[in-house]
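Written out below as structure tokens is the structure these notes cover.
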Amino acid sequence: MNSVFDELYQKYHHDVFQFLFYMVKSRELAEDLVQEVYIRVLKAYDRFEGKSSEKTWLFSIAKNVAIDHFRKQKGWKQRLLESFDMSARQVRDDQPLPEEMALQSEEIQLMYKCLDQCTVDQRMVIIMRYIHELTISETAEALSWTESKVKTTQHRALKTLKKLMEEMIEKEGMTSEKVTAKR
Amino acid sequence: MKKSQLSDKQLEEILGQMPKIKDHRDSRDVYQNIAHRVEKRKKMPAWVIPGAALAAVLFLAFILSPGLLGSNYSEQKSMDSSSADGAKSSMEMNTASRDDTANESASHKESTFMMDAADGEAEEKSKEIAAMDKANPYEGLISLYPEETDTETSEIFTYAIPDDQAMAIVPVTVTIPKKEGKSRIDSYTETMPMLKEEEWGLTDYYPMDATWNFDEATKTLTMDVKQNNPYRDGSTANVIFVDSMTQNLSQAGIDKMVLTTEGEPGIDMGNFGPMKELPINTGTSKRRAYLFLSVEGMPNPYLVPTKEQHKTIGEAFEQMWKGDEVGYLSPSLPDDFKLAKTESNNKVLEITLTDDTALDESFLPNLEAILMTASEFDYTGVRFTNANIDQLGPFNLNEVLPLPLAPNKKNIN
């Protein structure tokens, strides 16, 4: 087996996998995408200059893989979902929770559902900053953003999540028609 | 929880409690899935395919470029070589005669010496030297002449050899010392491996991949080839084969040639179909014209017979002015060489030149082409009338000129 692969796997495999999982919310998809990350990493490893840390470099590649995946998907599915925005949310909300989530508290389950109603940028920042506990500068490096862009995106993401969470808590027990009407 | 109660801190806490998600797969399984894509690319760098394409292009260019330069080049070459051949080739042929006629070696050695000294000087000098010594005056010439060889002691073999483009078949003549108790056929086949086709600017063709057997009583030569013999493929291969065998054997005292493939009768000859026997036409005159084929690095052009047979020598001369149909062989007579008349007088070809035809030394190869062509028309000699010079190379134009025995002599020792 490739020694570079072995080393990267030992150090970062679960981090990369988890990041992708929270981005795409599917174990199978995350498994495919993590492989794509390795392929890109191994092809480009000779050119890795060590300007950034290995960890943020891997995250930046994982980010690109995830974005590419969304772009590909957008072809037919996303466009359809966007045109029927409300039903789209419904469909997503009805996705079964993965087993890891089913065991968690209600709050966490709600948060998990709210996550994919943020924009892709916001989701990336939230996952990196709070789930992976990267610093602002690490996140900026992984996303090739400025630190201030990380900060503002993070701020907006929390605002969005707060709003979504509150809405969800409020609507508990309510029918979906009422939520729609309220908006 | 109420609407206004969620602070950033609480949100961050919830996010921090999100479960850790793990990939349950083993690292080896993951690597297995990506190995084919990672490793394959490494084995084949990006330059391989363009590199291979470039190599192919260069290879094609290499093969095609001589063909593109082809005919123009050879014509020019024939003009160049005809003027420059004398001195150069006399050197080369010195060595030939030294070995050929062992009984005259003493006088020859001396002449070789003399020729070396006169090397840089013009053709007239060599004529004087020829007169002084009994050196072979025909040495620098293209064809083999009766005076320069003793048929009692040596065998003359003419092999038909394809040129380097396999477009023409060049008859090449070699002389080897006769050996006691050895049949002509044996000597003929044993000489094949000694031919230096590539050195002569031709295609390596001999020895032939065949077993030979000659029955003295019936004068039948049997040639046995393997199943995958090279003579069946492609029109050129078998045309060359049939041509070369008929040319080779026409004077070998053979009545019949039988062809077999691994003991079974017949050889599949492609164009000709299966052939069990090869007709050997003995004695009949072939009536072909001889044209020039210039080969790079050779002092003289080769004399190559045409495929066409001509009714009269006049027609043959016409073709010698024109060259062959496809333009591969170049003309062997210059435009400014004009005939007033040709006639046959007691088997001697009488050629009368027009008053404005001026011959010089550079005409020597052309003269050889005339002599070689005349030899195909049952003449015993050629005499010129109204030639402006008396002597051309070894030939005295006031006398009847001898006809050559065979074209394109080469030394194989």
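Nothing in this text is a laboratory measurement; each read-out follows from the coordinates by a stated rule. Because the structure is a prediction, the values reported are computed rather than measured. Backbone-built Cβ (ideal geometry, glycine too); neighbour counts: all protein chains shown.
Worth pointing out:
- Residue-averaged beta-carbon neighbours from other chains (10 angstrom radius) around A:122-128: 1
- Sequence-distant contacts, meaning Cα pairs under 8 Å at least 6 residues apart, place the relative contact order of the range B:254-413 at 17 percent.
- Burial ordering of B:Ser330, A:Ser53, fewest other beta-carbon atoms within 10 Å first: A:Ser53, B:Ser330
- Whole-Hz couplings from phi, Karplus 6.51/-1.76/1.60, listed for the range B:212-223; x for Gly and Pro: 10, 8, 10, 9, 4, 4, 9, 6, 10, 9, 10, 10
- Here the spin labels are modelled as points 7 Å beyond Cα on the Cα-Cβ line, and at B:Phe62 and B:Glu361 they lie 4.0 nm apart.
- Taking the number of Cβ atoms within 10 Å of each Cβ as an exposure proxy, the fewest-first ranking of B:Leu60, A:Leu164 is B:Leu60, A:Leu164.
- Proximal charge balance of B:Asn398 [Cβ under 9 Å; K/R count +1, D/E count -1]: -1
- Nearest-0.05 FRET efficiency for B:Lys256 and B:Ala340, computed from C-beta distance (R0 60 Å): 0.85
- Local electrostatic count, B:Arg287, Cβ distance below 12 Å [Lys/Arg +1, Asp/Glu -1]: 0
- Inter-probe distance in nm under a simple model that places probes 7 Å from Cα toward Cβ, at B:Arg28 and B:Asp378: 9.3
- Neighbouring partner chain Cβ atoms per residue of A:22-30, average, 10 Å criterion: 1
- For B:Leu329, the amide hydrogen comes within under 5 Å of the amide hydrogens of B:Asp324, counting only partners 5 or more places away or on other chains and with H modelled in the peptide plane.
- Residue-count net charge about B:Glu216 - beta-carbon cut-off 13 Å; Lys, Arg +1, Asp, Glu -1: +1
- The amide H of B:Thr261, built 1.01 Å from its N in the peptide plane, has B:Val225, B:Gly266 as neighbours under 5 Å, considering only residues 5 or more places off or on other chains.
- Given A:Lys11/A:Lys63; A:Lys51/A:Lys113; A:Lys11/A:Lys162; B:Lys226/B:Lys256; B:Lys179/B:Lys307, the pairs whose alpha carbons are separated by over 28 Å: A:Lys51/A:Lys113; A:Lys11/A:Lys162; B:Lys179/B:Lys307
- Each of B:Phe292, A:Phe17 was scored by other Cβ atoms within 10 Å of its Cβ. Listed from fewest to most, they are A:Phe17, B:Phe292.
- Model label sites at B:Asp8 and B:Thr222, defined 7 Å from Cα along the beta-carbon direction, differ in position by 10.8 nm.
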